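Shown next, in structure tokens, is the structure this report addresses.
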């Protein structure tokens, strides 16, 4: 906070922090500058209400994710359905740079099918909360540990990666959790996972659990956050601060209920914290195409308020904002739209507009008006903006009319007497008005 | 985490915490159980790209917000335009329970106009970051302090509430910030505000700044978080944990760029932490109508992934989830849809479905099948789900056909030979298939 951003962010932890939004120096285990993405659009995303991905669509999405640069792509369990198994095999054969994972229950039967598909790794999950132990699989912690060891040793014997995750971790008993993680870490699991399956966790709670777990295991920590209470991105960031290494994301965050950490939202968060790392690793300008691809496949609209790709994410409206943005975009922007292949937009056609924004439009139209004249025409625009919504054509018409008036001697005389009257053109279209004059 | 939620949340801070998602006992200044809402849909929300609220619409929204139970309603500056001033007066005359605020620049001229509108309080803001000081108003900290004192003393002399907020607080110099807050606190401001104007702050950073500020001022702390990097709700929660009292929200989070803390998302977060307080204070079942009112006024769709009111916020799809949800909804839900006047939905018409979900549908259809028979028909449903998206009619047709087959002696014989063949009805509608049989 004390160092005002110069953009010279330093992506390796250092005693002195040049970037005030970068890793907190007190988090010496922080992976904010060294995180990885596990994209689960083709697993968690398949659990989204609207999802039905054909094999061709899955392949198209997998290739686009790989091109974007995600580290891992997680696929639906091959046990879920026959086609799920075939799709898993097909995606493994694509030869992508991203590692391919599949996500299975903690059963040896599932693991046997999974390892035959050609995946680079298997993500095993089992419910550890009282709720899931009672109402889902009905097993106790000893049984869970026994199954976990059996499955992990089997998968390791096949020479591929293995992750063990609890489910509903934030409603599980802490001692039970640490016991099982310690056990699986000792037998050489590649990653342990924490899952906020119901979306109940809050950021500082996440920080504390990850930090504690970090002292218990020797392997990487992966985190999976649902967004039911709107904290998925904040939780993911705090998990990385505490030393987690991998975050599960989905394109547009699609998943069970209202989904998990969205790829674009996390990228917005991380580019602020670790700009060099994020820009060098991920093709950020591909986010929009990736989101459009998935949005079309699952038949949803990009939310109007989506970070980065929402239609107004880089639109500045209030006069005071527009003025400063015109002088220096950093005043009201922490994200540079160009990093994402997007553009900034100054919304000047409204009653909250200011004369600096209108002056900028006058210049764009290549018209010559003094500052006092711009202030006068701004008042006219605000008056009309009080009456009805404006568009750019409305504003341009008012500016052009005004410009003509002040630059035509005869019109000038008319204007002198007109100027006392309030602008009252509610029911007329700007073009109609122009024609009448 | 160690106490699995019984729902017996205790909304007053206590040495022993019954609710594991409730206030952290180490946050002795926490206002998680004692927060207030300042709704800014009619101020920040007016800065949303699509907003144009007529007087009638503003009044309708103000009444709906008041009915919902927000503590304050903040309105656009009366200086922004002539109609803005008139609307401010009109809303003050409604006699709402909520206190009415207006939001002005730190100018005595603005304050004079504001106090004449009949508002209960004035929210003053000034940019304190290097960026805003250089590119927006161009003033130094001494000038800011002088203006602040002048405006605050004027507003206080009129007997109404006054809040002083910095703008872009997280990019301001900490010492400058604490100095100005200390000054305004001493002269008796009602609230000080912290604003993450560009949406750069992260949760633990927010916690630290609020906790520090709490030691400097004697008044309430209000927080305003933009959502550019997806952390607005997480930041708001951490601010309350650190002792902030008031959070600025907008319906659907509408505001500059992609907006601020959304009302429904924050309610989702807070009902988990402080269920009694939230349920007793706010009419949660009105959220959907409130969102529809504003969404229609600004011509946007409710985002598909909105907390609470997104179309799939309470939809459970994967077989393993559906099974447990049917046994006990708390297994995969932290929010109870009924608290918000919403309903739970089990999505069983897809290839990820499981036999427990199908059994529940069989029961709903009042048909009698053994567990083995349900497993058999589930396989048929999953096979068709592999081929194309399913709807409920598809599944019902398959179940009814199957039920007829197993309960008709002649059909039973046919079924024996049929059962080996894979289901292949890709190009046929379920009704067509039924007619053919």
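Any read-out appearing in this document is the output of simple, stated calculations on the displayed coordinates, not a laboratory observation. Everything quoted here is computed from the prediction, not taken from an experiment. Positions of Cβ are generated from backbone atoms using ideal geometry, with glycine treated the same way; all protein chains shown enter the neighbour counts.
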Hull surface over four for the Cα convex hull of the range A:27-298, reported in nm², is 12.7
The helix B:232-242 Cα axis meets the longest alpha-carbon principal axis of chain B at an angle in degrees, between 0 and 90 and rounded to 10, of 60
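If you rank B:94, A:75, B:29 by fewest surrounding Cβ atoms within 10 Å, what's the result?
On the way: B:94 13, A:75 29, B:29 16.
Fewest-to-most ranking of B:94, A:75, B:29: B:94, B:29, A:75.
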Relative contact order computed over the range A:245-353 (Cα-Cα under 8 Å; 6+ residues apart), in percent:
23
Exam field: residue A:372 pseudo-label spacings to other copies (7 Å along Cα-Cβ), nanometres:
9.8
GNM result for chain A, Cα springs below 10 Å: residue of A:115, A:70, A:362 fluctuating most strongly:
A:362
Tilt relative to chain B, helix B:287-297 - C-alpha long axis, 0 to 90 degrees, to 10
70
Give me the angle, in degrees from 0 to 90, between the Cα long axis of helix A:355-364 and the longest principal axis of the Cα atoms of chain A, rounded to the nearest 10.
80
As a test of the formula, what do you get for the protein assembly as shown when each DSSP H run with n ≥ 4 contributes -39,500 (n - 2.57) and the sum is divided by the residue count, at 222 nm and rounded to the nearest 500 deg cm²/dmol?
-13000 deg cm²/dmol
Based solely on C-alpha atoms, express the radius of gyration and the Dmax of the protein assembly as shown in angstrom.
29.1, 100
Using a/c under 1.5 as the rounded threshold, could you call the range A:276-330 rounded, prolate or oblate? The axes a ≥ b ≥ c are square roots of the C-alpha gyration tensor eigenvalues, and prolate needs a/b larger than b/c, oblate otherwise.
oblate
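Using the 10 angstrom Cβ neighbour count as an exposure proxy, how do B:137, B:285 rank, fewest first?
Going from sparsest to densest Cβ surroundings: B:285, B:137.
Percent relative contact order of the range B:315-406, based on C-alpha pairs within less than 8 angstrom and at least six residues apart? Don't skip to the answer; put the middle values down first.
Working: 96 pairs, mean separation 26.9, N = 92.
Once divided by the residue count of the range B:315-406, the mean separation gives 29 percent.
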Taking the alpha-carbon centroid of each part, what is the distance from the range A:195-268 to the range B:315-336 in angstrom?
20
Between A:191, A:43, A:361, which gets the highest mean-square fluctuation from a Gaussian network model of chain A, Cα cutoff 10 Å?
A:361
Mean-square fluctuation check for chain B, GNM, Cα pairs under 10 Å: which of B:216, B:294, B:387 is largest?
B:387
With a cut-off of 8 Å between alpha carbons and a minimum separation of six or more residues, what is the relative contact order of chain A in percent?
13
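Scaled to the compact-protein estimate 2.2 N^0.38 Å, what is the alpha-carbon radius of gyration of the range A:154-286, rounded to two decimal places? Walk me through the numbers before you get to the answer.
Numbers: Rg = 15.0 Å, N = 133, 2.2 N^0.38 = 14.1 Å.
For the range A:154-286, the normalised Cα radius of gyration comes out at 1.06.
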Copies compared at residue B:279 - label distances in nm, ascending, label defined 7 Å from Cα in the Cβ direction:
5.1
Cα coordinate range in the range B:170-242, projected on the principal axes (Å, largest first)
36, 22, 17
Just to confirm the numbers: residue B:407, label point 7 angstrom along the Cα-Cβ line, distances to the other copies in nm, shortest first?
8.4
log10 I(q)/I(0) for the range A:315-406, Debye formula on C-alpha points only (no solvent), q = 0.22 Å⁻¹, two decimals, reads -1.06
